[in-house]
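See structure below.
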Amino acid sequence: MKYWNPYLETLPRESLIKIELSYFRNILSYAKTHSRLYQNKLKEIHPEDIKTLDDLKKIPLTEKEEMRHYQEMEPFPYGGLLGTDVEKVTTFRQTSGTTGKPIYVPETYESWQWRIEAWCHILYMAGFRPRHRVFLPFVYNVYVAFWEGHYAAEKLGCELIPGGGLDTKGRIHKILEVKANAMMNTPTYGLHIAEEANSMGIDPSSLGIERMLCAGEPMPEATRRKLEELFKCHVFDHIGGTEPCGWAGMCEVKEGMHIIEPFFLVEVLDRVNLQREVKEGEMGVAVITPLGRRSFPLIRFNTKDLVIKGESVCPCGRTSQKIKEVIGRIDDLRKVRGVLFSPKTVEEVIRKDFPQIEEFEIIVERRGLMDAITLRAEPRPELTVSSIEKTKNELQDRLKIATSLTFNVIMEPPGSLPRYMLKAKRFKDLREEKP
Ligand SMILES: [Zn+2]
């Protein structure tokens, strides 16, 4: 079968939108009576007034900062964000807290099952089937993504191998030992496994991985293709977060990602005024309402994820709205010398055309009155002095074309830049005021 839920995945768009608006009114009315955040925040909003997508604009967005404030209340540790009795909570997860105090996310058994079902769509679209023996090379800890992937793969009938307690070499041996043929990982860790396998004299393509679902970081198309090439497998992307859940995934066409409708109502809003829904092909901020989750109701949650809105037709036959591309966190989008810059562009250039660069780091700093942008690049150890010089000049030219910025490129000795296991931190903005 092609679809996980053939009925929902091929519904005409008008029907999908009708269902979503009806679910939206339900969750809004629930949130207003069960969550203190929304009791206060949405006093003046009446669910019956939300009749069209345009009416959503009457409702203010939910920002992470106010969620932190409400979280401080009783009952510990979820406070005014909780949408159910605290005794009904069966599982705790939290955000990574890289940009402030973490948000604690309560799930009841019912709401957790809802998350798993949404994730089943993501995995099924990526071709995960009962014949797959799925290796998960992580300790899941208090973070949500790989737990969701684990339980959704189980629901699909796959066989799970939690490989968290091992180091990378141990994981590679385990994959070979049990003949795992699918994997879920961050793009960074996929590249790391390939590098490690090579250093052990094992060609990554001989590991036998057929399918890989990536999570946790924006993945440039060039990185996705590189992983496909290294492992000789199909690599799929998805987008999600701890608060809203995984909300879009890539189908076998591998062009953009389908929003999991009608589980989520997703708006892509103009990043400056956060009002206007952007057009197809335009960049905006993803604003998400999970429509069936009551333990932790979220109404128009501002994810601060920048995406490009895609089409709503796809050769795979699914009718859901697509996201063409994930650009990254809005906090990572910076003005450098007045030019809007996204670190993802640099990764795209390097992964696509500079296989001789093993690792890199981008640094923005203020020198006098001017911004300076530096790329520290680490070439592969076998490169000769003259080819290092040539690579440096080519990098400078290509980055100028791709970003309109002049990079100061520094070639570093092999092994000198940090390696990342889970999520990469290759972008450093050292300016005091970040425009
Ligand atoms: Zn599709």
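A short reminder: the numbers here are calculations on the coordinates, not readings from a lab. Keep in mind that this is a model prediction, so the values were computed, not measured. So basically every Cβ, Gly included, is an ideal-geometry build from the backbone, and we count neighbours across all protein chains shown.
Here the Karplus relation 6.51 cos²θ - 1.76 cosθ + 1.60, evaluated at θ = phi - 60°, turns the backbone of segment 65-78 into coupling constants of 4, 6, 5, 4, 4, 5, 5, 5, 6, 7, x, 5, x, 9 Hz, with x for every Gly and Pro. Remark: for residue pairs Lys254/Lys344; Lys322/Lys352; Lys101/Lys174; Lys179/Lys226, the C-alpha separation exceeds 29 Å in Lys101/Lys174. Put in line by how crowded their Cβ is, counting other Cβ atoms within 10 Å and starting with the fewest, His132, His192 read His192, His132. Residues Glu432, Glu243 in ascending order of nearby Cβ atoms (within 10 Å, fewest first): Glu432, Glu243.
Close amide H partners of Ile410, meaning residues 5 or more places away or on another chain with modelled amide H under 5 Å apart, are Leu375, Arg376, Ala377.
Counting other Cβ atoms within 10 Å, which trypsin sites (Lys or Arg not before Pro) in segment 142-246 have at most 12 and lie in a DSSP loop? Walk me through the intermediate numbers first.
Details: sites: Lys155, Lys169, Arg171, Lys174, Lys179, Arg211, Arg224, Arg225, Lys226, Lys232; in loops: Lys179, Lys232.
Answer in residue order: Lys179.
Comparing mean-square fluctuations of Cys316, Cys251, Cys120 from a GNM of the chain with C-alpha springs under 10 Å, the top value falls on Cys316.
Identify the trypsin sites (Lys or Arg not before Pro) of segment 18-125 meeting these criteria: DSSP loop state and at most 15 other C-beta atoms within 10 Å of the C-beta.
Numbers: sites: Lys18, Arg25, Lys32, Arg36, Lys41, Lys43, Lys51, Lys57, Lys58, Lys64, Arg68, Lys88, Arg93, Arg115; in loops: Lys43, Lys51.
Answer in residue order: Lys43, Lys51.
Helical content alone sets the calculated 222 nm signal of the chain at -9500 deg cm²/dmol, taking -39,500 (n - 2.57) per DSSP H segment of four or more residues and averaging over every residue. Computed over the chain with a Gaussian network model linking Cα atoms closer than 10 Å, the most mobile of Val105, Val268, Val253 is Val253. Under 5 Å from the amide H of Gly328 lie the amide H atoms of Leu306, each residue being 5 or more positions distant or on a separate chain, with H modelled from the backbone and absent for Pro and chain starts. With K and R counted +1 and D and E -1, the other residues having a Cβ less than 14 Å from that of Ile17 yield a net charge of -3. Averaging Cα coordinates gives a centre for segment 363-435 and one for segment 339-356; these two points are 10 Å apart.
Within the set of other residues whose C-beta is less than 10 Å from the C-beta of Lys57, count the net charge using Lys and Arg as +1 and Asp and Glu as -1.
Taking every other residue near Lys57 into account, the sum is -1.
Longest stretch of the chain clear of exposed loop sites (chymotrypsin sites (Phe, Trp or Tyr not before Pro), DSSP loop, at most 16 other Cβ atoms within 10 Å, sites excluded): 141-419.
Comparing His234, His46, His34 in a Gaussian network model of the chain (Cα springs below 10 Å), the most mobile by mean-square fluctuation is His46.
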